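No lab work stands behind these numbers, since they all come straight from the coordinates. A quick note: this is a predicted structure, and the numbers were derived from the prediction, not measured. Please note: Cβ atoms are built from the backbone with ideal geometry, for glycine as well, and neighbour counts cover all protein chains shown.
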Amino acid sequence: MQSKHIVIIGGTSGSGRVLVRRLSENQARVSLLGRHPSPEVQQHLPGVHFYPVDLQNISTVLEVINKVVADNGKITHLIFFQRFREKENNWEGELQISLTATKEIIEAGTEVFDGSGENSIVVVSSIAGHLIHSEQPVSYHVAKSGLNQMVRYYAVLLGSRGIRVNCVSPSIMMKDESRQYYVEKEDLRKLYEKIIPLHRMGKAEDIADVIEFLCSDKASYITGQEIIVDGGLSLVGQSSLAKHLWDTNHLKIT
């Protein structure tokens, strides 16, 4: 990805951190926008420039986008990782961070793409756009579902400008931030590995791989698509899963 300018919103942890590290190794110019820099960015990765920004302040965000372009050149690829992490006011905050910020940045960013005809936008969503995860609030589910439709909308709207728009939706992932949890909860990890068709938990690298592909020439005729990265788990029917757990003594009725 040499000579390309990739703008990443969020991405200071998990799969975003992995992707930023790879892009730096590939000598890409990376502009990373977020609230706090990752340890790697603090160590001054080559080609990576961090810009602190509060995504709830849209006018400031758009000013930062202009500064990013002035500093590092027009945009080749735009990648969204951000999510709302505060506990209070989760409805308004989630919709602002996930939907409004994404919309405003896309509409501003498309004016400063490099016009090469090989531009792309990738949005990281979640399987919660389709399924219900009871540990997450309703705002999270609505936001992810909205992102999926936003991707389809902009894929149609921006196609004539040579800008592809796609979505990556992960499910259960073992990232650096959650690794210790699954080490301590070994039985839970083994259960996930048993019910996932590929018999392993996903890694941050798996998500980064798909994003790299969607930003490459190999995906030049792919737009408006959602790629679910879950090892096939969402394909398993509920009745089959319940029977499997029952047969293997993993299901206990209390």
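Considering only residues that are part of a helix (DSSP H, G or I) and polar (S, T, N, Q), which ones fall in the stretch 86-101?
Asn90, Gln96, Ser98, Thr100, listed by residue number.
Among the residues of the stretch 173-192, write down those that are in a loop (DSSP other than H, G, I, E, B) and in contact (Cβ under 8 Å) with a residue 40 or more places away in the chain.
Our first condition is that a residue be in a loop (DSSP other than H, G, I, E, B); within the stretch 173-192, this holds for 175-178, 185.
Matches in the stretch 173-192: Lys175, Asp176, Glu177.
Kindly establish whether Glu104 is within 22 Å of Pro137 (Cα to Cα), touching a residue at least 12 places away in the same chain (Cβ under 8 Å), in a helix (DSSP H, G or I) and not hydrophobic (A, V, I, L, M, F, W, C).
The answer is no for Glu104.
Checking Gly14 against (1) on the phi > 0 side of the Ramachandran plot; (2) in contact with a Ser or Thr (Cβ under 7 Å, 6 or more places away or on another chain); (3) not hydroxyl-bearing (Ser, Thr, Tyr), only one condition comes out false. Which one?
Here Gly14 meets the rest and fails (2).
Ser120 is checked against (1) under 28 Å from Glu193 (Cα atoms); (2) in contact with a strand residue (DSSP E or B) (Cβ under 8 Å, 6 or more places away or on another chain) and fails just one. What number does that condition carry?
(1)
I want to confirm something. Restricting to the stretch 94-133 and keeping residues that are of a type in the set (Ser, Thr, Tyr) and within 19 Å of Ser216 (Cβ to Cβ), which single residue is surrounded by the fewest Cβ atoms within 10 Å (Cβ to Cβ)?
Ser116
Would you be able to say whether some residue in the stretch 232-249 is touching a residue at least 12 places away in the same chain (Cβ under 8 Å) and at positive phi?
yes
Can you work out which of the residues in the stretch 231-241 that are out of contact with any strand residue (DSSP E or B) (no Cβ under 7 Å at 6 or more places or on another chain) and surrounded by 12 or more Cβ atoms within 10 Å (Cβ to Cβ) is farthest from Ser126 (Cα to Cα)?
Leu241
Residues of the stretch 137-172 being without any contact (Cβ under 8 Å) to a residue 24 or more places away in the chain and over 17 Å from the mean Cα position of the chain (by Cα), which ones?
Matches in the stretch 137-172: Tyr153, Leu157, Ser160.
Restrict the check to the stretch 136-154 and report whether at least one residue is crowded, with 21+ Cβ neighbours inside 10 Å and of a type in the set (Gly, Ala, Ser).
The answer is yes, given that some residue of the stretch 136-154 is crowded, with 21+ Cβ neighbours inside 10 Å and of a type in the set (Gly, Ala, Ser).
Being assigned to a loop (DSSP other than H, G, I, E, B) and of a type outside the set (Gly, Ala, Ser) is the filter here, so list the residues in the stretch 156-172 that pass it.
Scanning the stretch 156-172 gives a single hit, Ile172.
Might you let me know whether the stretch 193-213 holds any residue that is surrounded by 13 or more Cβ atoms within 10 Å (Cβ to Cβ), of a type in the set (A, V, I, L, M) and not in a helix (DSSP H, G or I)?
yes
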